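Here's the structure we're looking at; comments come further down.
Bear in mind that the values in this text are calculations on the coordinates, not laboratory data. Every value quoted in this text rests on a predicted model; they were computed, and no experiment measured them. Using ideal geometry, Cβ is built from the backbone for each residue, glycine included, and neighbour counts are taken over all protein chains shown.
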Amino acid sequence: MVRTNREREDMGRRLLEIFRRVDRWQHRRGARIALSIVAVVLVVAVFAPLHRVASRINQLEAGIVAMLADANRLEGDAAAVELFERGTATLDGVTYGDGRLRGGTFVFGEAGDILSAAAVAEVLVADQIPPWAPDFLVQSPATSLGWAALVLVWLLIAVWANSAVQLTLTVVATAALTLPFLLLGKLGACIAIGGIGILGFSFVLIVRLVVESIGRLGQIGAVAATVIREAVRQKAYSGFIVLLLVVLPLVPLWIDPATPLRYQLQAFISQSLMITYSVALCMTLVLACATVAFEIRDRQILQLMTKPLERTRYLLGKWLGIVLLNGVLLVVCGLSIFLFIQYLKTRAPSDAYDAQAVRNEVLVARIGFHPELDQLPRARLLEMIDQAIDADPVLKDEIATGLRDEFTVRRDLFREFREKHLSEQCKVPPGEERTFRFPSLEQAKLLGLDLTFKYKFYAGDSDPTDPYSVVFRFPETGEWTDQRFIGAQTMTLMIPTSMIGEDGTLEVAIGNFSFTLDPTPGASQFQPGRGTIAFEPDGLELLYPVSSFEANYLRGMLVTLIKLSFAAMLGVALAAFLSFPVACVVAFSVVLAAEATPFLATSVEEYRIWEFDGSVIWLKQWIRGLASGVEWTLRSFGRFRPGGALVEGRLVGWGEVFRALVVIGFGWSGAVLVASAIIFRRKELAIYSGQS
């Protein structure tokens, strides 16, 4: 046993010596040049075949799209008839097909034209991708080139940062762990394990580069570099980082592959962004409070203050270190989420409508418009309120005697009459039609991209097994389409921009009819519906894309970083004059209250005071005032929710990024810094803390 232990120790020493020699070798300039050449050769060898496949698939899709673009089934076009009857398309003598396209449930419109030739082409050529080529790498030639550039840059950074040996060991260890799952055909598990290894190495590599860079930026940079080293080395803080880097690659495994692809993507985007923000926020608050409070408690700050180091620079350095750490986390995790999105979107859609929804509703950046509704003039509302109070002697007497607050009564009546007036416009009785106008669509008409019309109707008992009929008519062109909808469920309808008038206005007439192909002699094809169709004032919305998902995703991550930067400043500022537990409680309370302001605003609006006891009324008015003050103060933080916008495919514009930067990044963070600097300068740091 003794000799065995010695042999193990000797082997360990030999391996360590070999590693040291190789590590010294990779620091040489000639070695780095040689490794860079090897990296270029590897990337070209791997991605050149993938690029050829992507180019061939792209040309094939373009040919099919050109063939199907003007095909119409009702006009007897051969390509459209073949697609409808057999689910195939023949191009240059070669037939491509997918049985899911047969019958054309979501492929053809009412006029017989193909709704999305691009989505159909993507489904038809899916089986032309070789088994050895990952689908997400051959989506387009640009995609394969982008991946090649990304991998090459990553390898070159590792080489010139003297981390090629560490990268090799990481790849070997990751490959060994994924091999059993690869043999079992568990591709998802292989990608998750590989993602953990790559994310971990990438994080360490970027942190190392950041620390070496900012350490040369004077006192503030030195303090920031120390914070980052502290966060990476100590288990209390690195646990958050490890948790995030390990859990994030596992999220795709939680997504049910049997659900429609659009729901898979939305679920992944929602869960991954929520996990990233939540873990980063918790780490930020704990680290921000601890790094200052513990140095004051343990009197380590005395060594810094005698450098000399200005106290404001000390606080700025602490804040900068946490912001940079969050920046590295968001770069690594954000890139990981984006790459997993590219992987997930290559999964087979459930049908052509699902593929179209992925393109037009999820992986896109859209802006939305609600229809114009008639608003009651304020003078008319006040007149109606006066008439209602005069017509109710009991209510009038309660106001006169002080049992009811007149302001509250008038406010409630104001809301009631306004909502009733709006709700009357949002009803379509059976056999009737109501027209709604969507103005200011000049940009959409100029772009020429299809519009997404979202509607959520209520009819009958909203039974999911009992569909209703509705007819949409477009007065500008006279065209119409009949649709089936389920009550209380959001439905969508794609509308071409040709329906928009020259003045940039789209009119949509909603008819409560059911359409019959073979009516009885003498009867109309349009029969009155079975019940009144109703919807909320925001139940109709028209959306159109104005930006790409990639740019929208980048802007969303910037807004997230700005919010985390404020949390870092808040924690650092509180810890400058409070103990660690108290600072944590206050910081978490403020941030959680800020995140909950949208719900708090709804609660304040719906808050009612019905008791007639004066003391109870006073107490509830005080509660309402406090809640309103908190909501008003913190509402800006809660309103910036890039995750929800990305899930719904809505635009996170540069204007929103700029507002977040000005309000939260400069305004709130600057105010907190000034206040904490004033308090911190007057704080006596040399007082004995009570701990040896």
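Here are the numbers for the structure shown:
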| read-out | value |
| --- | --- |
| Relative contact order [Cα under 8 Å, 6+ residues apart], the range 142-220, whole percent | 27 percent |
| Euclidean distance between Cα centres, the range 126-145 to the range 327-381, Å | 24 Å |
| Prolate/oblate/rounded label for the range 373-436 (Cα gyration tensor, a/c 1.5) | prolate |
| Structure-based [θ]222 nm, the chain - -39500 (n - 2.57) summed over DSSP H runs of at least 4, per residue, nearest 500 | -20000 deg cm²/dmol |
| Charge context of residue 637, other residues only, Cβ under 9 angstrom, K/R +1, D/E -1 | +2 |
| Taking the chain and dividing mean pair separation by its residue count, relative contact order in percent (alpha carbons under 8 Å, at least six apart) | 13 percent |
| Fewest-first sequence of 461, 92, 482 by Cβ atoms within 10 Å of each Cβ | 92, 461, 482 |
| Amide hydrogen neighbours beyond the local backbone of residue 108, cut-off 5 Å, H modeled | 115 |
| Nonlocal amide H pairs with residue 72, under 5 Å, H built at 1.01 Å | 77, 80 |
| Charge sum, other residues only, whose C-beta stays under 14 Å from residue 328's C-beta, Lys/Arg counted +1 and Asp/Glu -1 | +1 |
| Interchain or long-range residues, amide H under 5 Å from residue 650's placed H | 366 |
| Euclidean distance of C-alpha centroids, the range 188-260 and the range 7-68, integer Å | 22 Å |
| Under the span-like rule (Cα at least 24 Å along the axis, Kyte-Doolittle mean at least -1.0), DSSP H helices of the chain | 29-68, 141-160, 164-183, 187-214, 261-297, 311-344, 549-575, 614-639 |
| Likely footprinting exposure, 160, 132, fewest C-beta neighbours within 10 Å first | 132, 160 |
| Footprinting exposure proxy for 340, 240 (fewest neighbouring C-beta atoms within 10 Å first) | 240, 340 |
| Within-11-Å neighbourhood charge of residue 126 [Cβ basis; K, R +1; D, E -1] | -3 |
| Difference of contour (0.36 nm per residue) and Cα-Cα distance, residue 29 to residue 582 | 193.9 nm |
